[in-house]
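Trainee: Attaching a single structure in structure tokens format; questions to follow.
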Amino acid sequence: MTWPVGTEMASFTGDALVLTSATDFDTSAADHVRHQLPHRHVTHDGDVITVWPRPHRDRP
């Protein structure tokens with residue numbers, strides 16, 4: 001995976017991948033991540049993009 005332009009740090013908080021930048025990411029940065037990880041939920045809030053893990057399926 002390639003990080004969006006401006007990414008300064010990639011880290012994990014629990015199972016979520018968190019990308020941070022010194023300035024706000026634009027929407028194309030979030031779209032870049034969504035394109036690379038189409039089965040994940042990606043949120044964008046200013047200088048943070050979060051890639052959420054796949055939900056765990058409950059076992060019967």
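Trainee: Sort out which residues of segment 1-16 are surrounded by 11 or more Cβ atoms within 10 Å (Cβ to Cβ), under 12 Å from the mean Cα position of the chain (by Cα) and not in a loop (DSSP other than H, G, I, E, B), and write them in order of number.
Mentor: Thr7, Ala10, Ala16
Trainee: Looking only at segment 21-35, which residues are open to solvent by less than 60 Å² (accessible area, probe 1.4 Å) and either more than 9 Å from the chain's Cα centre (by Cα) or among the basic types (Lys, Arg) (or both)? So that I can check it myself, show each step before the final result.
Mentor: Kept after step one, since they are open to solvent by less than 60 Å² (accessible area, probe 1.4 Å), are these residues of segment 21-35: 21, 25, 29-30, 33.
Across segment 21-35, the qualifying residues are Ser21, Phe25, Ala29.
Trainee: Something else about it: Assuming His35 fulfils every condition listed in (1) modelled with pLDDT of 95 or more; (2) assigned to a loop (DSSP other than H, G, I, E, B) apart from one, which condition is it?
Mentor: The number of the failed condition is (2).
The values are calculated or read from the model by the stated rules, or taken from the named source; none is laboratory data. Since we're looking at a predicted model, the values are computed, not measured. Neighbour counts are summed over all protein chains in view; Cβ atoms, including those assigned to glycine, are modelled from backbone coordinates with ideal geometry. Surface accessibility is based on the protein's heavy atoms, side chains included, excluding ligands, DNA and RNA. Shrake-Rupley method; radii C 1.70, N 1.55, O 1.52, S 1.80 Å.
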